[in-house]
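Written out below as structure tokens is the structure these notes cover.
Each reported figure results from applying straightforward, stated rules to the coordinates on display, with no laboratory input. For clarity, every value in this text was computed on a predicted model and none was experimentally measured. Cβ placement follows ideal geometry from the backbone for every residue including glycine, while neighbour counts extend to all protein chains displayed.
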Amino acid sequence: MKKLLSLVLALCLALLAISALADVADDVAAGEALTHDELVEKALAESGTFVVYGNTSRIATAAEEFAAIYNITTESNNLKDQEIYTKLRSETGNGAADMVMIQDGAQLTDAIDEGLVINFVPDAVKAILDEADQQPALVHQYINKLFIYNNLGENVPAIKNVWELTDPSMKGNIIFKNPESEKVNMNFLVMCTKEDWAGKLADAYKAWKGEDIDLGEYKNAGYKWVAEFLDNVTFGKSDTSIAEEVSQETAAGKIGLFVLSKLRSSSVLTDNLTVAQYDASANGYAVEPFAGFMYPMYTMINTKATRPYTGMLFIEYLMTQEGFQPWGKSIGAYSPNAEITVNEGDLTIDVWKDTLVMEDADYILNSFEVEDFILQHCQN
């Protein structure tokens, strides 16, 4: 009897979950056709605390400003990607997030397929954004991680070709967060092995050495570059600590690969740092074949949301000039909304897309063997 009751209870809970998911999905479908005023009316009719998760510290500022505009009680949580995905799978009830800001397109694709999150594109931005920035998930911003080097001393490592980073003389002088603990870093290295980037790396090798690349044991030039790059890398704890370390007067000859926005930090000695791509653009050349990498930050509605319309209104707000301000006030974050311009002195999103490695979720999702290869070289 107890087993039967347990089975019945489990079935009821499952049916309730399916019903709730369907309700939220219906709300999102309806929400995409609403005007701003209609969306506000629906959001204000909802009750309870509006809960958001984001893997960006500036989510708190955006949430506070949004809450003040609409007089909505809001709770924001700055969490790591994996924590957010875990919570999406485990949390139920009123404590669950209504809306999330999250990165790593490969894991997000899985989350969409599992029915954990639903994409919402506000009617106000549909005509402004490229289709690729709307589906399968709405891109709120692009973030870049760049080769940034210490410009002090006589041996300034002004990078013109990424193969320079594989030279034995660079061993221990490159600092990067371990891809085992930073999924977007892993995605970047995986993308280097994709056929198109591997071909560009082969061309860059010839430009550097004046001869065709000898692959030896490696499948393509991407594998070879990744392995030899990692062999020279020292792993840092965070992008902030890497930026701080590379900027010190004692760090002449050091180079980091970290988020450009860290240059806004008062603890980073920016006068001692040069962004490789800025230097290249100013002097009429390109860093071959890339100057770092760029990845999207997405906004999604949780299928367990208790305030889905509020989540949709917040997403609409985030896509405006005002809502983007917590990120847009400094370098390193780029809105796909062309009406939101970049900061003076920065490069446009189109330039960054042309000079950086971009994520391909489909390729990353099917690259378990590549990840194993990368992890092996992280142990060296």
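Run lengths n ≥ 4 of DSSP H only: what is the helix-derived mean residue ellipticity at 222 nm for the chain, with -39500 (n - 2.57) per run over all residues, to the nearest 500?
Result for the chain: -13000 deg cm²/dmol, rounded to the nearest 500.
Please give the length that would be gained between Arg89 and Thr341 if that part of the chain were fully extended, namely 0.36 nm times their separation in residues minus their C-alpha to C-alpha distance (nm, one decimal).
Additional length available on full extension: 87.1 nm.
For Lys171 and Asp37 in one chain, what is 0.36 nm times their gap in residues minus the Cα-Cα distance, to one decimal in nm?
Going from the current span to full extension adds 42.4 nm.
Report the full-extension gain for the segment Ala124 to Asn155: residue separation times 0.36 nm, less the Cα-Cα distance, to one decimal in nm.
6.0 nm
For the chain, what is the relative contact order in percent, using Cα pairs closer than 8 Å and at least 6 residues apart in sequence?
28
Which order, highest average first, do 297-309, 251-263, 102-114 follow once you tally other Cβ atoms within 10 Å for each residue and take the mean per peptide?
Highest-to-lowest ranking by the protection proxy: 297-309, 251-263, 102-114.
Quick one: net charge around Thr341, please, counting Lys, Arg +1 and Asp, Glu -1 for every other residue with C-beta under 13 Å from its C-beta.
Within the 13 Å Cβ shell, the charges total -3.
For a quick check: with amide H placed at 1.01 Å from N, whose amide H comes under 5 Å from Lys177's, ignoring anything fewer than 5 positions away on the same chain?
Those qualifying (amide H under 5 Å, at least 5 residues apart or on another chain) are Gly236.
Can you flag which of Lys87/Lys353; Lys80/Lys329; Lys87/Lys200 are past 28 Å Cα-Cα?
Among Lys87/Lys353; Lys80/Lys329; Lys87/Lys200, the Cα-Cα distance tops 28 Å for Lys87/Lys353; Lys87/Lys200.
Which residues in the range 21-60 have a backbone N closer than 16 Å to a point placed 7 Å from the Cα of Ser265 along the Cα-to-Cβ line?
56-58
If you count, for each residue, the other Cβ atoms within 10 Å and average over each peptide, how do 48-54, 148-154, 86-92 line up from highest to lowest?
Answer by packing, highest mean first, reads 48-54, 148-154, 86-92.
Using Cα-Cα distances under 8 Å and only pairs 6 or more residues apart, what relative contact order does the range 246-307 have, in percent?
The normalised contact order for the range 246-307 reaches 26 percent.
Return a whole-number percent for the relative contact order of the range 47-206, with Cα pairs under 8 Å and 6 or more residues apart as the contact set.
16
Simple spin-label model, 7 Å along Cα-to-Cβ: Thr61 to Glu131 in nm?
3.6
What's log10 of I(q)/I(0) for the chain at q = 0.08, 0.11, 0.12 Å⁻¹, Debye sum over Cα points only, no solvent?
Log-scaled intensity ratios, in q order: -0.46, -0.81, -0.94.
Can you compute the label reach from Glu75? Point 7 Å from Cα along the Cβ direction, backbone N cut-off under 13 Å, restricted to the range 24-59.
48-53
When the convex hull of the Cα atoms of the range 321-380 is projected onto a plane and the area is averaged over all directions, what value comes out in nm²?
For the range 321-380, the mean projected area of the Cα convex hull comes to 6.5 nm².
In whole Hz and in residue order, list the ³J(HN,Hα) couplings for the range 268-276 that follow from phi through the Karplus curve 6.51 cos²θ - 1.76 cosθ + 1.60, θ = phi - 60°; x for Gly and Pro.
3J(HN,Hα) across the range 268-276, in whole Hz: 9, 7, 5, 4, 8, 10, 10, 7, 4.
Could you check the spin-label model distance between Glu369 and Leu215? Points 7 Å from the Cα along Cα→Cβ, value in nm.
1.2
Show me the helices of the chain, taken as full DSSP H stretches, that run 20 Å or more along their long axis by Cα and average -0.5 or above in Kyte-Doolittle hydropathy.
Counting only whole DSSP H runs, the qualifying helices are 2-31.
Can you give me the distance in nm between label points at Gln248 and Ala207, each placed 7 Å from the Cα along the Cα-to-Cβ direction?
So the two model labels end up 3.4 nm from each other.
Would you please give the FRET efficiency between Thr320 and Val351, computed as 1/(1 + (r/R0)^6) with r the Cβ-Cβ distance and R0 = 25 Å, to the nearest 0.05?
With R0 = 25 Å, the Cβ-Cβ based efficiency is 0.60.
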